[in-house]
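This report concerns only the one structure given below.
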Amino acid sequence: MLSDEIYSRLIFEGQHHSIIAEPGFKERTILLDGFSKSYAMTGWRMGYGVMRADLAVQIARLMTNSNSCTASFTQVAGVEALRGDQSSVEHMREEFQRRRDMFVSYLNKIKGFSCRTPRGAFYVFPNITRTGWSSKAIADALLEEAGVACLSGTSFGEFGEGYLRFSIANSMENLNRALERMEKWVADNVKGTSPPSTPRSPRT
Ligand SMILES: Cc1ncc(COP(=O)(O)O)c(C=O)c1O
């Protein structure tokens with residue numbers, strides 16, 4: 001069992017429960033975690049695994065021969081993150097919750113968008129089927145025409161069709177700007193909202 005628990009400290013409702021705590025799973029589970037989310041160290045390329053000692057020997061051999069090691073200054077930063085004041089983690093969790101609440105409620109006011117409230121992490125995943133656009137087409141158009149970057153749900157597989165994935169790891173100000181641009185873009189390009197200046201049919 002590989003258990004990726006990188007968002008364990010970014011939960012808004014409920015509590016984190018690791019499968020490793022279930023009877024018999026400690027021996028069978030490799031728990032994966034990292035510094036990217038709790039300490040905003042995305043891009044530092046540092047994570048860790050918790051596993052049985054005999055497995056750790058093999059994983060260490062694999063890592064030594066595939067990426068040699070994690071840069072020493074990155075490891076020092078990780079030690080600082082773990083030993084330092086942890087209040088920033090809770091502060092950011094509350095901040096992400098505020099952003100989530102704002103982003104989801106605004107999205108639900110945009111014609112054709114319908115979004116459930118995620119209970120953790122910093123992404124939202126609205127359904128956009130009622131816009132009449134396919135996920136990839138609307139993601140491309142939002143980037144090219146509205147300057148808003150998001151992922152098509154299909155980036156995660158075929159069942160993601162009908163959805164977009166937004167990251168809310170950005171300032172409240174920029175998130176608001178993105179939402180305003182999307183709202184305007186939808187008003188101009190989605191049927192049933194205010195009429196477009198030049199009529200266009202949805203791309204699929
Ligand atoms: C579920 C999950 N696991 C792991 C990672 C890896 O993070 P990183 O490679 O930045 O440490 C991510 C990053 O987006 C993630 O969403």
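The table below lists the values:
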{"item": "Relative contact order, percent, the range 53-174 [alpha-carbon distance under 8 Å, six or more residues apart]", "result": "18"}
{"item": "Sites residue 68 and residue 40, calculated FRET efficiency, Cβ-Cβ separation with R0 35 Å, nearest 0.05", "result": "0.85"}
{"item": "About the Cα centre, charge dipole magnitude for the range 105-194 (Lys/Arg +1, Asp/Glu -1 at Cβ), debye", "result": "340"}
{"item": "Added length on full extension, which subtracts the Cα-Cα distance from 0.36 nm per residue, residue 50 to residue 32", "result": "5.8 nm"}
{"item": "Farthest positive-ward along the range 16-115 dipole, Cα basis, beta-carbon charges - from 103, 113, 82", "result": "113"}
{"item": "Overall form of the range 1-103 per C-alpha gyration tensor (a/c, 1.5; a/b vs b/c)", "result": "oblate"}
{"item": "Shape of the chain, Cα gyration tensor, a/c cut at 1.5", "result": "prolate"}
{"item": "Degrees between helix 53-66 axis and first principal axis of the chain (Cα, 0 to 90, nearest 10)", "result": "60"}
{"item": "Ellipticity estimate at 222 nm from DSSP helix runs (n ≥ 4, -39,500 (n - 2.57)) divided over the chain, nearest 500", "result": "-11500 deg cm²/dmol"}
{"item": "Calculated from backbone phi, Karplus (6.51, -1.76, 1.60) coupling profile of the range 4-19 in Hz, x at Gly/Pro", "result": "7, 10, 5, 9, 4, 9, 10, 10, 9, 10, x, 10, 6, 9, 7, 5"}
{"item": "In degrees, nearest ten, helix 72-83 long axis to first principal axis of the chain (Cα)", "result": "90"}
{"item": "Angle in degrees between helix 87-107 and the longest Cα principal axis of the chain, rounded to the nearest 10", "result": "20"}
{"item": "Relative contact order computed over the chain (Cα-Cα under 8 Å; 6+ residues apart), in percent", "result": "16"}
{"item": "Charge dipole (debye, nearest 20) of the chain; +1 at Cβ of Lys and Arg, -1 at Cβ of Asp and Glu", "result": "440"}
{"item": "Sites residue 80 and residue 184 - FRET efficiency at Förster radius 45 Å, r taken between beta-carbons, to 0.05", "result": "0.55"}
{"item": "From phi via Karplus (6.51, -1.76, 1.60), per-residue ³J(HN,Hα) for the range 150-163 in Hz, x at Gly/Pro", "result": "8, 9, 5, x, 6, 4, 9, x, 4, 6, x, 4, x, 10"}
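Each value in this text was obtained by applying a stated rule to the coordinates, not by laboratory testing. Just so you know, these numbers come straight off a predicted model, no measurement behind them. Ideal geometry is used to build each Cβ from the backbone, glycine not excepted, and the neighbour counts take in all protein chains shown.
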